[in-house]
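Colleague: Before anything else, here's the structure in question.
The values are calculated or read from the model by the stated rules, or taken from the named source; none is laboratory data. If you're wondering where the values come from, they're calculated on a predicted model, not measured in any experiment. Positions of Cβ are generated from backbone atoms using ideal geometry, with glycine treated the same way; all protein chains shown enter the neighbour counts.
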Amino acid sequence: MAKPPDANAPLPRGTRPAGLLGSEPEQDPQDNVTGGAGQQPTPGRRQLTITSVALLLFAVVSAATGQVMLKHGMQIATARVNDSGGSLALRAATTPWVLLGLVVFGVSAIAWLAALSRVPLSVAYPFNALGYLVILIASILLLHEKANALTWVGSFLVVSGLLIVVLSRP
């Protein structure tokens, strides 16, 4: 049986092939998002709400917190191995800071999934840049690590890129 000439052509936006789950055209969920009262929806781009931003910030800060806890726990585990020997993997697996860090990191992963359900990845992912600053500040204040001027400049440039992405309009 011969195919019609338009058989391989892409479907128009908002439609699905006939015979699949009914014949009503499927509406893109992003088409329902409006920028405010009386404004037309912006196809392909959702507006950031306070809830979405809060969720993104929680995901980023909790991920950074988990990373700092993991680092602190690994410092403790390494010191124990150096003092009394044994397996680093076993020491790490039994260090409370490592275990707590994994739990906090797991919570951040759940928050990240919730954020991704609300915000396009192209907008959400740049928020991870804030994690650089949180980790940089925490590593200096809590872990007593050193950072030079270029580290600070680079981190602020990355965060500046975040601001450009989030504040830009399509």
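Colleague: Would you pick out the residues in region 82-109 that are more than 27 Å from residue 125 (Cβ to Cβ), surrounded by fewer than 16 Cβ atoms within 10 Å (Cβ to Cβ) and of a type in the set (A, V, I, L, M, F, W, C)?
Modeller: Within region 82-109, 88, 89, 90, 93, 99 meet the criteria.
Colleague: Among the residues of region 53-60, are any at pLDDT below 95 and over 25 Å from residue 142 (Cβ atoms)?
Modeller: Yes, some residue in region 53-60 is at pLDDT below 95 and over 25 Å from residue 142 (Cβ atoms).
Colleague: Given (1) in contact with a helix residue (DSSP H, G or I) (Cβ under 9 Å, 6 or more places away or on another chain); (2) modelled with pLDDT under 95; (3) under 19 Å from residue 67 (Cβ atoms), identify the lone condition not met by residue 144.
Modeller: It is condition (1) that residue 144 fails.
Colleague: Among the numbered criteria (1) free of Cβ contacts under 8 Å to residues at least 24 places away in the same chain; (2) farther than 24 Å from residue 53 by Cα, which one does residue 137 miss?
Modeller: Condition (2) is where residue 137 drops out.
Colleague: Of the residues that make up region 64-72, is at least one over 25 Å from residue 164 (Cα atoms), surrounded by fewer than 12 Cβ atoms within 10 Å (Cβ to Cβ) and modelled with pLDDT of 95 or more?
Modeller: No: region 64-72 contains no residue that is over 25 Å from residue 164 (Cα atoms), surrounded by fewer than 12 Cβ atoms within 10 Å (Cβ to Cβ) and modelled with pLDDT of 95 or more.
Colleague: Give the residues of region 109-133 that are within 14 Å of residue 56 (Cα to Cα), in contact with a helix residue (DSSP H, G or I) (Cβ under 9 Å, 6 or more places away or on another chain) and among the aliphatic types (A, V, I, L, M), sorted by residue number.
Modeller: 109, 110, 111, 113, 114, 115, 116, 119, 123, 124, 129, 130
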